[in-house]
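The values are calculated or read from the model by the stated rules, or taken from the named source; none is laboratory data. It should be emphasised that the depicted structure is a prediction, and the values quoted were computed from it without experimental measurement. No Cβ is skipped: glycine too gets one built from the backbone with ideal geometry, and neighbour counts run over all protein chains shown.
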Amino acid sequence: MRLIDESVHYTTPIIRVGKHEWAMQVYEFSGRRYTRYRWRRLGASDTAWQDERDWPRYNPHDTHDGFPRTLCRHYYRHQAAIEHALGRSGQATLFE
């Protein structure tokens with residue numbers, strides 16, 4: 001679902017996890033930046049990306065929100081770019 005006043009600032013490279021493709025986005029909504037995962041079935045490049053909350057096993061009470069654990073590694077591989085897109089400078093902000 002894309003809202004009118006939202007804009008995407010960064011999207012990670014697409015990864016394959018099982019029978020699905022995943023990507024993480026940094027987007028702005030109402031002046032604040034947030035992250036979200038997007039997913040779609042493998043080979044469905046003409047299909048719109050699904051919202052993370054539409055994932056069949058989505059569970060906000062689970063440590064990994066019910067998402068494949070491989071997404072944690074994907075996040076950490078791109079953490080510097082994600083933090084930059086969020087407007088954070090990483091751990092340097094802890095010591096300033």
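Laid out as a table, the results:
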read-out	value
Enumeration of residues in region 29-84 that are surrounded by 11 or more Cβ atoms within 10 Å (Cβ to Cβ), touching a residue at least 24 places away in the same chain (Cβ under 8 Å), over 17 Å from residue 11 (Cβ atoms) and hydroxyl-bearing (Ser, Thr, Tyr)	70
Identity of the residue in region 51-86, outside any helix (DSSP H, G or I) and touching a Lys or Arg at 6+ places or on another chain (Cβ under 6 Å), that ends up modelled with the lowest pLDDT	66
Residues of region 15-42 satisfying the condition of being closer than 19 Å to residue 81 by Cβ and hydroxyl-bearing (Ser, Thr, Tyr)	27, 34, 35, 37
